[in-house]
Each structure stands twice: as C-alpha cells, then as structure tokens.
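Participant: Handing you a structure now.
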Amino acid sequence: MFHDWLRMLVKLENIDDSTRNAICPECGERSIKFVYVGDRKSSIGYLPVWCESCNKGIQISRVEIPQGVRMIDFKDLENIEKEIPNFIHVAPDSKKNR
Ligand SMILES: [Zn+2]
C-alpha cells in the first residue's frame, strides 16, 4: 500500500497543486490532501499527504519545495496543527497488505 501512495505522489507532482484527481490507495475516494511544510529560505521541508476520507497517509521527509506552491513555515505550529490532521501513517513495509 505504501508503494501505491508513492505512485500516486508522482502523479501529484505532475499536476502541481491540484489533488482533484488523486485517488486514495486505501479507500478509493478522491479526498487526497497535501501541504508542504518547511523553510522558505532553503526550500527544504517535508510533505505530508493524507486522505480526508479514511484519515490515512504518508509523510515524505526532506523534500525540495517547488517555487510558488502553498506551504506552511516550520515554525508556524498553529497552522500546521490546523491544516494537518493527526492521520494514520501507512508504514513503508507493512507486509500484511501484500
Ligand atoms: Zn482514503
């Protein structure tokens, strides 16, 4: 399942901000959300991707944040808390899903 998320992420990158067509690998709903969190100067951060329907997702660490995308500053804890739910992280090697 983790690989399905990664595969979906590659598609997300191509369509930029738009998550309209991203389908959740877990539940099949089109409710994928993501937001970059990081440092504006270095443009390095992390990228949580989650599904609003089933509350599952993954977090990619150490990503380069593209120019012009919406992002939350590392230090902006209030907005981080507000925007990113406490979703269930899909483990990279959960063998039971195979
Ligand atoms: Zn889902």
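The values are calculated or read from the model by the stated rules, or taken from the named source; none is laboratory data. Everything quoted here is computed from the prediction, not taken from an experiment. Heads up, the Cβs are rebuilt from the backbone with ideal geometry, glycines too, and the neighbour counts pull from every protein chain shown. Just so you know, the surface numbers come from the protein's heavy atoms only, side chains and all, with ligands and any DNA or RNA stripped out. Shrake-Rupley method; radii C 1.70, N 1.55, O 1.52, S 1.80 Å.
Participant: Using a Förster distance of 22 Å, how high is the FRET efficiency between Ala91 and Ile44, based on the Cβ-Cβ distance and rounded to 0.05?
Facilitator: E between Ala91 and Ile44, to the nearest 0.05, is 0.35.
Participant: I would also like to ask the following. In the stretch 2-93, carbon and sulfur make up what percent of the accessible area (probe 1.4 Å)?
Facilitator: Exposed carbon and sulfur together represent 46 percent of the surface.
Participant: Stretched out fully, how many nm does the piece from Glu78 to Arg30 gain, at 0.36 nm a residue minus the Cα gap?
Facilitator: Gain on stretching Glu78 to Arg30: 14.6 nm.
Participant: Still on this structure, I have one more. Could you tell me the ratio Rg/Rh of the stretch 16-65? Both radii from Cα atoms, Rh via Kirkwood.
Facilitator: Answer for the stretch 16-65: 1.03.
Participant: Further question on the same structure: I need the Kirkwood Rh of the stretch 2-93: take the reciprocal of the average 1/r across all distinct C-alpha pairs and report it in angstrom.
Facilitator: Kirkwood hydrodynamic radius for the stretch 2-93: 13.4 Å.
Participant: Quick one: if you stick a label point 7 Å off each Cα along the C-beta vector at Asn21 and Gln59, how many nm between them?
Facilitator: Label at Asn21, label at Gln59, 3.0 nm between them.
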